[in-house]
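The values are calculated or read from the model by the stated rules, or taken from the named source; none is laboratory data. Treat the numbers as computed from the prediction; the structure is a model and nothing was measured. Please note: Cβ atoms are built from the backbone with ideal geometry, for glycine as well, and neighbour counts cover all protein chains shown.
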There are 4 protein chains.
Amino acid sequence: MSENNAKHVNVLDHGYVRLNDVMGSDLTVANSARVSYAKASAELTDRDRRLIAFLAREGHTSPFRHAIAQFEIHAPLMVARQWWKYNVGSAHQEGTGDSLDAWNESSRRYVTEEPVFYVPGADEWRSKPENSKQGSGANLPGYEGEFYTRRLFEIIDECEEMYENAMSIGIAPEQARLFLPAYGMYVRWYWTASLQSVCHFLAQRLAEDSQAEIQAYAKAILTLIEPHFPVAVGELMPKGER
Amino acid sequence: MSENNAKHVNVLDHGYVRLNDVMGSDLTVANSARVSYAKASAELTDRDRRLIAFLAREGHTSPFRHAIAQFEIHAPLMVARQWWKYNVGSAHQEGTGDSLDAWNESSRRYVTEEPVFYVPGADEWRSKPENSKQGSGANLPGYEGEFYTRRLFEIIDECEEMYENAMSIGIAPEQARLFLPAYGMYVRWYWTASLQSVCHFLAQRLAEDSQAEIQAYAKAILTLIEPHFPVAVGELMPKGER
Amino acid sequence: MSENNAKHVNVLDHGYVRLNDVMGSDLTVANSARVSYAKASAELTDRDRRLIAFLAREGHTSPFRHAIAQFEIHAPLMVARQWWKYNVGSAHQEGTGDSLDAWNESSRRYVTEEPVFYVPGADEWRSKPENSKQGSGANLPGYEGEFYTRRLFEIIDECEEMYENAMSIGIAPEQARLFLPAYGMYVRWYWTASLQSVCHFLAQRLAEDSQAEIQAYAKAILTLIEPHFPVAVGELMPKGER
Amino acid sequence: MSENNAKHVNVLDHGYVRLNDVMGSDLTVANSARVSYAKASAELTDRDRRLIAFLAREGHTSPFRHAIAQFEIHAPLMVARQWWKYNVGSAHQEGTGDSLDAWNESSRRYVTEEPVFYVPGADEWRSKPENSKQGSGANLPGYEGEFYTRRLFEIIDECEEMYENAMSIGIAPEQARLFLPAYGMYVRWYWTASLQSVCHFLAQRLAEDSQAEIQAYAKAILTLIEPHFPVAVGELMPKGER
């Protein structure tokens with residue numbers, strides 16, 4: 001594992017994507033397509049490049065399932081939900097959640113991380129798109145957005161206060177959380193996925209009508225993954241179509 | 001499809017589980033284990049019962065993947081999240097969500113269903129368990145719970161008001177929802193799963209330390225599925241272990 | 001389940017595809033995309049048809065995963081291998097095989113079905129394609145093919161004789177089968193798959209450069225499935241592209 | 001990737017398992033269960049060990065899906081079939097097969113590897129087990145096995161001769177292979193699987209009533225994987241139960 005694998009991109013107000021680990025390279029894709037023993041070369045040849053282009057063009061996706069990446073992601077719950085729902089076949093593991101307590105072997109109370117919430121800045125509120133498709137239109141003027149940013153902070157404060165009040169009287173955390181404005185609450189998880197799965201996610205989430213917040217995460221994933229698989233990502237995600 | 005397949009069980013204050021469709025019966029499990037042509041009988045024999053018991057006991061789970069059930073579920077988001085996360089291999093389709101707008105072919109504005117929220121009654125608030133494991137302890141006395149029920153209603157009202165305010169000024173619904181106390185918000189989805197997957201879900205979610213709200217849904221699923229596969233469910237989920 | 005669901009198409013010299021069961025219809029696809037309660041109508045409307053066309057065109061494939069079909073297939077092993085390898089996410093259950101013995105509760109010896117082999121007729125041997133791509137070229141003249149048909153019958157006889165000889169002296173069937181020319185040996189299995197998975201299989205296996213023997217099975221699947229989902233199959237598999 | 005990751009174990013007469021690549025370590029399992037940022041330590045603590053033991057004991061298998069291994073395997077077709085069939089969720093890629101020709105960009109004829117076959121030695125033929133369960137009983141005496149070893153070599157020779165004859169006259173390889181005694185023919189493939197998937201495979205294939213040939217491959221996999229995940233493999237596959 002070379003040094004430059006551990007990378008980190010900040011996203012939104014408190015989020016990030018971190019590339020934890022990578023298995024394989026462009027050569028893995030070519031070698032797994034061929035499965036010819038003892039032919040692993042250290043350098044990618046032009047023949048390898050043409051093979052990868054052929055595989056991507058013809059939809060022979062299985063060799064792209066033998067290269068793997070693992071990310072750690074910190075994102076609002078609404079982003080996490082979309083991510084999980086559309087990614088069949090990859091593994092997710094969320095830690096700040098329902099079941100962590102179960103494997104805390106000590107008798108000490110489990111100390112929940114302080115909840116952190118996504119709050120769009122005054123100039124980051126987007127209008128509904130004209131043509132009723134999903135996605136967003138132009139941003140609201142900042143003097144209008146200011147009100148919603150302030151009110152969201154106030155609502156979060158009030159909700160958190162009740163959440164803590166409920167916890168302090170001994171209500172189970174699994175119920176106390178009903179007070180939280182959860183769509184914007186940050187959750188953290190591990191995502192381990194094949195290169196095929198990563199590129200499928202990118203194709204969906206870099207699309208213009210995708211929610212802006214998840215687009216921002218997709219761009220971070222692309223930044224982190226492309227240096228490790230420049231040929232494969234280039235063929236699966238042609239620059240013109242991004 | 002016989003008449004009694006279309007069933008419905010109410011869960012929590014506004015939720016339900018509905019059995020939309022079923023494919024197969026106990027006989028499907030036995031026949032798919034044997035795959036012997038032209039031996040399909042209309043009645044389950046004792047030999048079939050012994051075969052199903054053998055398959056369940058020895059962990060030969062693949063024949064249970066050839067019987068299928070489809071449910072429609074209306075549940076708080078916090079329940080939906082747990083359901084989706086731990087059910088690899090089954091298909092979920094949520095409709096009241098991010099992407100429905102996309103396939104509304106008319107130019108008319110998409111009319112979002114009025115949000116509905118789960119609010120525990122005064123005597124339904126549960127305490128944190130003593131031993132710091134996940135799950136809940138005894139219920140709070142009603143005179144204490146009353147305060148939290150009332151406050152949760154108030155918070156929901158205030159949050160909804162801001163949500164509607166934001167929508168009315170033209171903020172995109174995908175951002176306006178940040179104001180909502182989403183953990184308790186009901187979502188509706190289709191769940192199509194094999195009998196193996198359904199029983200795996202039940203084994204996890206009927207467990208005592210599972211969250212009470214999802215336990216209630218698991219009981220509804222069991223009520224709906226058992227009449228269709230009495231032998232298979234009985235062997236995979238022995239009564240003593242429920 | 002209506003009567004005309006149980007259908008059967010013969011394929012090759014001794015094979016067949018049988019549609020065992022179906023769950024859902026075109027309406028299932030539309031309803032699962034909408035997930036709107038109590039709106040299930042008995043008849044498919046034009047709006048439903050446009051929705052299905054939209055879903056297929058835009059690649060929103062998840063609603064197609066809520067309609068299910070189950071087939072029983074009898075095919076040469078070389079066909080079965082290709083079928084299993086490229087169909088991630090659907091369930092296969094083979095019965096005439098390695099493990100059936102395990103769930104035979106009686107003490108009686110497991111009586112293996114007589115092996116049956118695929119043998120191309122004299123005019124069914126195909127030439128290697130000119131341009132070195134996979135697939136086949138024109139058929140050999142019958143007077144040339146005759147020799148190979150006869151020799152294949154002879155080889156099968158000789159191999160079977162040794163297989164039976166080995167069994168008779170008490171060699172374990174799992175080793176005795178090493179004598180069999182297995183690529184052409186028929187195996188029988190159950191295939192339970194979503195409509196998405198079935199159409200993915202068809203798209204790959206109806207292609208011209210696919211092996212002729214598996215193309216024949218793909219055509220049988222299409223014949224059996226299309227009457228149950230005429231709109232969805234028509235949109236996912238446009239006639240012009242078959 | 002440390003040097004000792006590239007390892008190789010010979011299996012049967014011409015087979016092998018090679019560990020191509022590994023992603024993660026025992027620490028990956030512990031860290032993915034916790035998902036707590038910036039707590040990755042270089043050394044596994046006792047607390048990590050207890051956590052892994054807890055996860056394995058309680059069946060919380062998802063953290064084991066974030067550690068990945070990739071193998072190259074050379075095994076008889078009958079072993080490959082069992083491997084593929086029971087390993088849902090992992091990726092296989094076979095190269096010496098039906099479709100390699102498709103991505104050979106040159107116009108030169110694709111040169112098939114010489115087929116290689118598994119032939120049990122005179123003292124390696126196993127008897128049918130007494131009690132009619134699957135698996136094998138004691139080995140046949142060598143003076144009996146000698147006949148079957150010799151006959152299998154002869155049959156392979158005769159079959160190969162016809163295979164080559166058919167190829168030489170221009171019959172498509174996809175049909176010519178019908179002459180081959182394919183169950184024992186070696187195939188080569190890549191297998192990329194999570195640690196959970198690998199241990200599930202081992203649990204099934206190290207079992208005593210599993211076919212001896214696949215048991216031999218399972219032992220090779222265990223030898224290669226255990227040094228990389230000593231704690232996790234030890235907890236998931238307790239020595240007493242192997």
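Within the range C:216-232, the residues that satisfy the criterion of being without any contact (Cβ under 8 Å) to a residue 60 or more places away in the chain and buried (at least 18 other Cβ atoms within 10 Å of the Cβ) are C:Ala218, C:Leu222. Beta carbons closer than 6 Å, at least 6 apart along the sequence or on distinct chains, pair a first residue in the range D:149-167 that is touching a residue at least 40 places away in the same chain (Cβ under 8 Å) and assigned to a helix (DSSP H, G or I) with a second that is surrounded by 16 or more Cβ atoms within 10 Å (Cβ to Cβ) and among the aliphatic types (A, V, I, L, M) for D:Tyr163/D:Ala176; D:Tyr163/D:Leu180.
So which residues in the range D:31-47 are modelled with pLDDT of 90 or more and either among the β-branched types (Val, Ile, Thr) or touching a helix residue (DSSP H, G or I) at 6+ places or on another chain (Cβ under 8 Å) (or both)?
D:Leu44, D:Thr45
With respect to the conditions (1) of a type outside the set (Gly, Ala, Ser); (2) modelled with pLDDT of 95 or more; (3) closer than 18 Å to B:Pro76 by Cβ, B:Asp123 lacks only one, and its number is (3).
Restricting attention to the range C:6-26, the residues being surrounded by fewer than 20 Cβ atoms within 10 Å (Cβ to Cβ) and more than 11 Å from every other protein chain (Cβ to nearest Cβ) number 5.
Among the residues of the range D:1-23, how many are modelled with pLDDT of 80 or more and part of a loop (DSSP other than H, G, I, E, B)? Please lay out each step first, then the result.
Here is the first cut: in the range D:1-23, the residues modelled with pLDDT of 80 or more are D:7-23.
Filter once more, so that each one left must be part of a loop (DSSP other than H, G, I, E, B): D:12-14.
Of the residues in that region, 3 qualify.
What about B:Glu235, is it buried (at least 16 other Cβ atoms within 10 Å of the Cβ), part of a helix (DSSP H, G or I) and facing another protein chain (nearest Cβ under 10 Å)?
Answer is no for this residue.
Considering the range B:177-206, the residues that are at the interface with another protein chain (Cβ under 10 Å from one of its Cβ atoms) and without any contact (Cβ under 8 Å) to a residue 40 or more places away in the chain include one that is surrounded by the most Cβ atoms within 10 Å (Cβ to Cβ), namely B:Leu178.
Just one of the numbered conditions (1) acidic (Asp, Glu); (2) modelled with pLDDT of 95 or more; (3) over 20 Å from A:His200 (Cα atoms) is not true of A:Asp26: (3).
Reported count of residues in the range D:194-218, each being in contact with a Leu (Cβ under 7 Å, 6 or more places away or on another chain) and not aliphatic (A, V, I, L, M), is 3.
One residue alone among C:Ala138, C:Ala102, C:Ala166, C:Ala172 is of a type outside the set (Phe, Trp, Tyr), within 20 Å of D:Ile156 (Cβ to Cβ) and either modelled with pLDDT under 95 or in contact with a strand residue (DSSP E or B) (Cβ under 8 Å, 6 or more places away or on another chain) (or both), and that residue is C:Ala172. Taken together, the criteria exclude B:Ala176 from residues that are within 15 Å of the chain's Cα centre (by Cα) and under 21 Å from B:Glu94 (Cα atoms). Only one entry in B:Glu146, B:Glu158, B:Glu130, B:Glu174 is within 9 Å of chain A (Cβ to nearest Cβ), among the charged types (D, E, K, R) and surrounded by fewer than 20 Cβ atoms within 10 Å (Cβ to Cβ), namely B:Glu158.
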